[in-house]
Amino acid sequence: MFSVYGRMTARPGRRDELIALLHEGFRAGGDDSGLLTYSINTAPEDPDTIWMTQLWTDKEAHDATTRSEAVATVTQRLPPLLAKQPEGSYGHAVYVHGLTAE
């Protein structure tokens, strides 16, 4: 399994719009995209910062979905909501809810 971790900082007062747009983007990929689960989290110490975690079947599913026209259309609407460049990293999940990744 392929994992993505990210942090985004919204422009002041626009965090909820950013969260709604991210949720729209995850849904735009479709049910068969290979996205197993995702979470969007707020940061208690900073009301404009959100953290995301995504778990994909594999990197190929992630790449194909994020390059799809449906997701790209949503992604193009992100920059006006962001206070700075998003930060993130990638990984390979080795243990998820009692399942060992192969």
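The values are calculated or read from the model by the stated rules, or taken from the named source; none is laboratory data. Everything numeric here is computed off the predicted structure, so don't read it as measured data. Glycine gets a Cβ as well: all are built from the backbone with ideal geometry, and neighbour counts include every protein chain shown. In case anyone asks, the SASA skips ligands and DNA or RNA and just uses the protein heavy atoms, side chains included. Shrake-Rupley method; radii C 1.70, N 1.55, O 1.52, S 1.80 Å.
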Selection within segment 28-48 - part of a loop (DSSP other than H, G, I, E, B), more than 14 Å from Ala64 (Cα to Cα) and among the charged types (D, E, K, R):
Glu45
Here is a list: Asp16, Asp32. Which entry is over 12 Å from the mean Cα position of the chain (by Cα) and modelled with pLDDT under 90?
Asp32
Could you list, in sequence order, all residues of segment 1-27 that are closer than 20 Å to Arg67 by Cβ and either open to solvent by less than 20 Å² (accessible area, probe 1.4 Å) or outside any helix (DSSP H, G or I) (or both)?
Met1, Phe2, Ser3, Val4, Tyr5, Gly6, Met8, Leu21, Leu22, Gly25
Filter segment 35-47 down to the residues that are more than 16 Å from the chain's Cα centre (by Cα) and open to solvent by less than 60 Å² (accessible area, probe 1.4 Å) and list them by number.
Asp46
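With open to solvent by 30 Å² or more (accessible area, probe 1.4 Å), in contact with a helix residue (DSSP H, G or I) (Cβ under 8 Å, 6 or more places away or on another chain) and over 23 Å from Tyr95 (Cβ atoms) as the only criterion, which of Ala64, Ala70, Ala83 stands out?
That would be Ala70, the only listed residue that is open to solvent by 30 Å² or more (accessible area, probe 1.4 Å), in contact with a helix residue (DSSP H, G or I) (Cβ under 8 Å, 6 or more places away or on another chain) and over 23 Å from Tyr95 (Cβ atoms).
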